[in-house]
Each structure stands twice: as C-alpha cells, then as structure tokens.
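Okay, structure first, notes after.
The values are calculated or read from the model by the stated rules, or taken from the named source; none is laboratory data. Note that this is a predicted model, so its numbers are computed, not measured. Every residue, glycine as well, gets a Cβ built from its backbone with ideal geometry; the counts of neighbours run over all protein chains shown.
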Amino acid sequence: MPRKPKVQRTPEEKWQIVLEGLKSGNVAETCRKYEIAPTLYYRWKDEVEEGAKAALGGRSAAARPDLEQEKRIKQLERALGRSHLQIEILKNVLGE
C-alpha cells in the first residue's frame, strides 16, 4: 500500500485541529478525522502550549532561544571590546 502524500498544514489549521481535540476530549477521533497520527497531534499540542507560555512571559522552551541569543550577544560584545582595546594598545606601542 503506497503512502499518502504529506499534507502541508498552516499554523492556523494546526491550531484548529489541536483546539478541536481539546474541546471534544476525543483525540483519537480528531486524528482520524484529519488523518494525522496521534503523535503528530500531541507534538502540535506541545508546541501550542510552549508558544502560549512564551507569549505570557513564562520561561518555557519557546522562550529560551531569546535568552540564549542575549547571552551570545553579550559574549560577542565583550570580545569586540577586548579586540578594540588590543588595537588601541598596539597603536600606542607603534606610535600611530
């Protein structure tokens, strides 16, 4: 039996499917209706929850990339400052 081609769903469609599963309380039926695997439904549900926590200011996995990016920016700024200081020292030594 050949596999069915993947259906590309928009974020809005995924949200509606997750919401329908939550409202009905019957995830298996929702998955059959939209022809998706229950594992895919739960992955979408987890992503919805992470996004909601991040939107509300929680320290969820969805919010972590921003914190990691801030940390990386601070590291790069410090490295840039050190490099600038080294350049100024070399200029003074060389008399430029």
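Numerical summary
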quantity	calculated
Entirely in segment 8-96, the helices (runs of 4 or more DSSP H) that have 2 or more residues that are of a type in the set (G, A, S) and on the phi > 0 side of the Ramachandran plot	none
Inter-residue pairs, beta-carbon under 8 Å, first in the same structural domain as E49 (by TED's automatic domain parsing) and in segment 1-30, second surrounded by 15 or more Cβ atoms within 10 Å (Cβ to Cβ) and assigned to a loop (DSSP other than H, G, I, E, B), 6+ apart	I17/R9; I17/I36
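For (1) surrounded by 14 or more Cβ atoms within 10 Å (Cβ to Cβ); (2) of a type in the set (G, A, S); (3) out of contact with any helix residue (DSSP H, G or I) (no Cβ under 8 Å at 6 or more places or on another chain), each residue gets a yes or a no:
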| residue | (1), (2), (3) |
| --- | --- |
| V7 | no, no, yes |
| P11 | no, no, yes |
| K23 | no, no, yes |
| A28 | no, yes, no |
| Y41 | yes, no, no |
